[in-house]
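This report concerns only the one structure given below.
The values are calculated or read from the model by the stated rules, or taken from the named source; none is laboratory data. A quick note: this is a predicted structure, and the numbers were derived from the prediction, not measured. Here the Cβ positions follow ideal geometry from the backbone for every residue, glycine too, while neighbour counts run over all protein chains shown. Accessible surface areas use protein heavy atoms only, side chains included; no ligands, DNA or RNA. Shrake-Rupley method; radii C 1.70, N 1.55, O 1.52, S 1.80 Å.
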Amino acid sequence: MKKDVINVALLGLGTVGTGVYKVMKLQEPEMKAKLNTVLKIKKILVRNLEKAAKKVDDTSVLTNNWQEIIGDETIDIVVEVMGGLEPAGTYIKEALTAGKCVVTANKDLIAARGGELLDTASEHHTDLLFEAAVAGGIPIINPLKHSLSANYISEVMGIVNGTTNFILSKMTEEGMDYYQALKIATELGFAEADPTADVEGYDAGRKVAILASIAFHSRVTFSDVYTEGITNITSRDIAYAREMGWVIKLLGVAKNTPEGVEARVHPMLIPKEHPLATVSGSYNAVFVHGDAVDDVMFYGRGAGELPTASAIMGDIFETARNITHDSTGSTHCGCYKNLPVKRIDDIISRYFLRMEVEDKPGVLATVASVLGNNSVSIEQVVQKATVGDNAEIVVITNHVRERHLKDALLTFREMSAVKGISGFIRVYG
Ligand code: HSE
């Protein structure tokens, strides 16, 4: 239905909400020409009215009462940028049920309840858009849903967490240890005061759940995603990797294999020539392989006030066009398959192992035979350093099912000649 003005309510006025407020203003001069209508922020839901008053030109838009938004029939679009599962989940559900279109950046919620909320949107002929939930300003949801929709996508892999990429980049490029790099990430505002969700891979895991669901048309929730963070990566691992021609990155991996979907986040050694290896600092990049398009890579800023606002505003414009053309309600859940999700022990990969072993004759042969007995074949072995009475060896394996490698590690743990396994990292390819 053609409307001269489309009213928007913003839920939250933190970093991302403030970005949306700013980009909305920046777009004002050309909005009518672009959309054939005008968007107006009618209400902003905040917790602290006094604090929020400093961020807006007109304080009459501020409210701390959700009922003023959900009960206002003239509000067409609700933009949720408050984050967290609740009350955001309840507000989104109520907004969709009331026939309002919703734009959200909430990866936690979409990774947990995306299917249910998309069904609600469909039922009420409204839109639920969430481009900003994955990789901030980088367009990836829309390309997967639209431009690449005529492909069978077999793989989506990428750097989808800027904080950990910043930390690993500092460790790799400037030789810092993990804690020094984390301290700088915190000082620069990349890492939160509690960095757990980033450094343990949970933030990336939520993004992988969303990407896998869209790419493979099969619902993958956060609880299906294997997550392993970067807290065990040491400068020694990075130095060995570099010498051998690899870079260590925290990767989100979603693969559609004949045995089921792989959805995982963990550090990985990738060849230094791989396009993802050159993605440095807080940048994100997502690599997609489709049967028709072949390889595509998306690169840009994965977080931040204006980049994230860019993705949200794109969604707001899309839903405004849909409202104008009476075509809301087409963002239904695309998960028409029900594929199994593989356990991490069932994946097949190459592995990097850094071990301390007794420095005496025959030990290397014993290590090789334990690996061999567990179907693990060795691609490369490096022995460089001696630490006290022990030798440090690095083994790169050929492809093996993870379960077999873990069986070998269990045997190593019982052997007196093996003093420790300090590095265990999956290898690309
Ligand atoms: N904390 C995230 C990151 C940004 O470091 O990439 C929000 O998803």
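List of remarks:
- Axis of helix 363-373 versus longest Cα principal axis of the chain: the two differ by about 60°, to the nearest ten degrees.
- Mean sequence separation of contacting Cα pairs (under 8 Å, at least six apart), scaled by the length of the stretch 279-429, corresponds to a relative contact order of 24 percent.
- Gap separating the Cα centres of the stretch 198-251 and the stretch 1-24, nearest whole Å: 33
- Straight-distance crosslink candidates among aspartates and glutamates, where the alpha carbon sits under 18 Å from Lys342 and sequence neighbours closer than 8 are dropped: Glu155, Asp224, Glu228, Glu259, Glu262, Glu402
- Per-selection Kirkwood Rh - the chain (Cα, Å, 1 d.p.): 23.2
- Acute angle (nearest 10 degrees) that the helix 15-35 long axis makes with the longest principal axis of the chain, alpha-carbon atoms: 50
- Under 20 Å, Cα to Cα: Lys pairs in the stretch 175-332, sequence gap 8 or more or different chains: 4
- Reducing the stretch 287-320 and the stretch 45-66 to their Cα centroids gives an inter-centroid distance of 30 Å.
- Distance histogram for the stretch 48-200 (every C-alpha pair counted, 10 angstrom bins, percent rounded to whole numbers): 9, 28, 30, 23, 9, 1
- Summed over the residues of the stretch 54-138 and divided among them, the accessible surface reaches 37 Å² per residue at a probe radius of 1.4 Å.
- Distance between the C-alpha centres of the stretch 68-110 and the stretch 382-419: 51 Å, rounded to the whole angstrom.
- In this rough spin-label picture, where each label sits 7 Å from Cα along the Cβ direction, the Lys54-Lys145 distance is 3.6 nm.
- Just the protein heavy atoms count here, and of the accessible area of the stretch 329-429 at 1.4 Å, carbon and sulfur take up 49 percent.
- Reachable lysines, given that their alpha-carbon falls under 17 Å from the alpha-carbon of Lys34 and they are not under 8 places away in the same chain: Lys2, Lys3, Lys25
- Against the chain, whose longest principal axis is taken from its Cα atoms, helix 305-324 shows a tilt of about 50°.
- The chain, relative contact order [Cα under 8 Å, separation at least 6], %: 17
- Given charges at beta-carbon only (K, R positive; D, E negative), |dipole| of the chain in Debye: 260
- Solvent-accessible area, 1.4 Å probe, carbon plus sulfur percent, for the stretch 53-168: 49
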